[in-house]
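The values are calculated or read from the model by the stated rules, or taken from the named source; none is laboratory data. None of the values given here were measured: they were computed from a predicted structure. So basically every Cβ, Gly included, is an ideal-geometry build from the backbone, and we count neighbours across all protein chains shown.
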Amino acid sequence: MMKDLLLEIGTEEIPASFLSPAAESLKMIFVKFFTENRIGFGEMKSFYTPRRLALIIKGVAQKQKEEILELQGPPKKYAFDEQGKPTKVAEGFANTNKVKVKDFCFKQTAKGEYVYVKKQAEQLSLEQLLRENFAELVFSLQFPKSMRWQENSRFCFARPVRWLTLLYGDKPIAVDVEGLKSSNLSFTHRIAKKPKVKIENARQYVRILKQFNVMVRPDERKEYIRRQINVLAREVRGQAVEDLELLDEATNICEMPTPILCEFKSEYLELPPIVLITALKTHARSFAIKSIASETLLPNFVTISNTPTSNKKQVAYWYEEAVEARLEDAKFYFEEDLRIGLEKRVEEEKKVVWIENLGTLFDKTSRLEKISYVIAQRLPSINNHALLRAAYLCKADLLTNMVREKEYTSLQGIMGGIYANQSGEQELTGQIISEHYLPKSANDKLPQSNEAAILSIADKLDNIIGAFVINEIPSGSFDRFGLRRQANAIFAICLDKKLFLDLGSVIEIHFTYFNKPDDTNLLKRAREFFTERLNSILLDRGIKYDIANAVLVSGKINGLDLFDRAQALTELRRAEQFEALVIGQKRVNNILKGIKNVYVIIQEMFKEHAETELYIKAKGIENELNELVANHNYKDALNLLLSLRPFIDTFFDKVLVMTEDEHLRNNRLGLLQYLKTLFLKVADLSEIVIQ
């Protein structure tokens, strides 16, 4: 018999950011539990509000599926004596598993002949399984922060659990978790006159709670908020400023969202729009409104209340008072910062420690100026004046009133760009400062200009090298300063902005700016770190692991260059002759393995036509190959190397490399070494895996 199962965990308000991951985890926990325990089930849906996590599982079986178990017993030689009679070992195995000795069968294994028995697995009911396992299942949920709300309790949760609802079909399942007993009752909205409501069956769950001001479907709450804020915005000829992060948060802090239109004094529109938007978001979890006709902000906002029966005018008044107080503070910070200017803040950097043992914030600024210039010299058409000015000013806003306030720390860089432009700096300089922290995450936008990209790379590179200098090197899951994320961001910028930048020499130069003794081992570890990140980037972008290995052998730390090589190699892989070419390079690599000497080729010593022909053909393509590689035309370079394939095959068919004649052998080894260097100009094909 199949019925729907309803599970609800009622709590004190859970933080908004915890809810979605917890709901997904709860679903996975029960998928695993039912699967492992042979309980059939159908579609599984999760629901959540700040006060509850719930699951509705359709078509859940009443008991475990039938299963025949094959159990391994003791070795036959211990189970039966020489006369073939069962020993106490056999009888013990039979009694333990509630079978008879006559039911035994025997199987030959790698360790000898063993006793086996087949029996039908016990079929436990769903109710029994839940009673025995419910607490461990629910309280195995992991949260960023958990708490115990009862003394000596062995269970933790994000917030105190206040009720449990467990219903199979129309029948409650009784479980007891340290005195908290489940039932078919759920709790309504905090302001509802009727605090509890009876749930007859899972199909009624969503509808009944909605009648009591609880919208349990998060997608329904989100769509309702999105639609209503724009309805309200149109009342003032505006539209809501899109903010998906704020929309998610608003969805997760309400059980029955009630959008309310509010306003503030128009004088605050003199603040930069991003300051207004941030103030409304961080202080009031409210949506800014812009004009339908332009991007200009209007003196209005929409807040989301969780009290549907409240006096909306009174709620609006409270929010307006709170928001205007915050905007007045922001106005003061902004005007004071403009009066002081960024130049004076740069001087203040000399008094501020950046990271212990790595000098001041001003020391970091000096390094950014130097390394930005080094990078700029390696790229074409860079506005060095705007770039270096931005490098000098980019950290000054960390000391401004606006950014120092914890509510506006997200505007670091952005405020610096605004202040720079307000004080008469080039527009490009302000834009570089505004964007030099980008990207802040894997899905974040990238700097627009190449100059901003350079400063972003320089800043992240300085963070990484600095961390290596003080031995804060990522290990396992430990990455205190997020160095892996920053390295990934550097290569993402290079790939997407098409910046042909080899970081190898840049890293080496950057180490010298920290005034530390030369440490070749530290430099080596840094190069290995960046190479490992490059490998990860290539794999994430769809490059096969063996092709990634083949191009990384070059030792270059140039994301764009290696990606171009990998793409060319991926395309060549489709060619009919590719496999034979790879096999040839594997043979070359195997022969040269362990040989440390470098041999000089003497053409006159060649005895076989095949080795002479291979050498002449290889020398004939070398100049063209070098030119193609210099121009990063790896597709044509690989096709040129492909033209050597028949000559390489003939060489291995006709020529014995490891001949007894030492001089002849060394000459042929020299030819193979030369051949390998040609291929390594593009990739190490011996790394390719042949299917």
The residue from R378, R326, R367 that alone is outside the structural domain of N450 (by TED's automatic domain parsing), touching a residue at least 60 places away in the same chain (Cβ under 8 Å) and not polar (S, T, N, Q) is R326
Scanning the stretch 24-55 residue by residue, the ones that are closer than 12 Å to N252 by Cα and either among the hydrophobic types (A, V, I, L, M, F, W, C) or surrounded by fewer than 18 Cβ atoms within 10 Å (Cβ to Cβ) (or both) total 2
By my count, helices (runs of 4 or more DSSP H) wholly in the stretch 355-430 with at least 1 residues that are closer than 16 Å to L461 by Cα are 361-376, 384-393
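Listed here are the residues, each with its yes/no results for (1) surrounded by fewer than 17 Cβ atoms within 10 Å (Cβ to Cβ); (2) assigned by TED's automatic domain parsing to the domain that holds L53; (3) not in a strand (DSSP E or B).
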| residue | (1), (2), (3) |
| --- | --- |
| A174 | yes, yes, yes |
| R190 | yes, yes, yes |
| K194 | yes, yes, yes |
| V197 | no, yes, no |
| E200 | yes, yes, yes |
| Q204 | yes, yes, yes |
| R207 | yes, yes, yes |
| Y224 | no, no, yes |
| R227 | yes, no, yes |
Log entry, pairs with first residue in the stretch 420-431 being closer than 17 Å to K344 by Cα, second being acidic (D, E), beta carbons closer than 7 Å, six or more apart or on different chains, reads N421/E427
Going through the stretch 214-266 in order, the residues found to be β-branched (V, I, T) and either in contact with a strand residue (DSSP E or B) (Cβ under 6 Å, 6 or more places away or on another chain) or within 28 Å of I14 (Cβ to Cβ) (or both) are V214, V216, I225, I229, V236, V241, T251, I253, T258, I260
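The rows are residues; the columns are (1) closer than 28 Å to R221 by Cβ; (2) at pLDDT 95 or above; (3) crowded, with 18+ Cβ neighbours inside 10 Å.
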{"position": "F264", "(1), (2), (3)": "yes, yes, yes"}
{"position": "Y268", "(1), (2), (3)": "no, yes, yes"}
{"position": "L280", "(1), (2), (3)": "yes, yes, yes"}
{"position": "R285", "(1), (2), (3)": "yes, no, no"}
{"position": "S294", "(1), (2), (3)": "no, no, no"}
{"position": "T307", "(1), (2), (3)": "yes, no, no"}
{"position": "K312", "(1), (2), (3)": "yes, no, no"}
Only unsatisfied item for R38, checking (1) at pLDDT 85 or above; (2) outside any loop (DSSP other than H, G, I, E, B); (3) more than 33 Å from the chain's Cα centre (by Cα), is (2)
Given the structure, is L141 in a helix (DSSP H, G or I), under 37 Å from the mean Cα position of the chain (by Cα) and surrounded by 12 or more Cβ atoms within 10 Å (Cβ to Cβ)? no
**Asked** Does E660 count as surrounded by fewer than 14 Cβ atoms within 10 Å (Cβ to Cβ) and without any contact (Cβ under 8 Å) to a residue 12 or more places away in the chain?
**Response** yes
Checked the stretch 266-323 for anything within 30 Å of E255 (Cβ to Cβ), polar (S, T, N, Q) and assigned to a strand (DSSP E or B); matches are N300, T303, S305
**Asked** Hey, does the stretch 540-562 have a residue that's crowded, with 18+ Cβ neighbours inside 10 Å and in contact with a His (Cβ under 9 Å, 6 or more places away or on another chain)?
**Response** yes
Counted residues in the stretch 51-74 being under 30 Å from K107 (Cα atoms) and part of a strand (DSSP E or B) come to 7
Only one of E43, E82, E70, E91 is touching a helix residue (DSSP H, G or I) at 6+ places or on another chain (Cβ under 8 Å) and acidic (D, E), namely E91
Within the stretch 624-663, the count of residues that are part of a helix (DSSP H, G or I) and either over 19 Å from F679 (Cα atoms) or of a type in the set (A, V, I, L, M) (or both) comes to 14
**Asked** Just wondering, is there one or more residues in the stretch 600-620 that are surrounded by 14 or more Cβ atoms within 10 Å (Cβ to Cβ), closer than 30 Å to N558 by Cα and not β-branched (V, I, T)?
**Response** yes
When every residue in the stretch 47-75 that is β-branched (V, I, T) and closer than 30 Å to K119 by Cα is compared, the one farthest from the chain's Cα centre (by Cα) is I68
For the stretch 229-248 the number of residues that are buried (at least 18 other Cβ atoms within 10 Å of the Cβ) and in contact (Cβ under 8 Å) with a residue 60 or more places away in the chain is 5
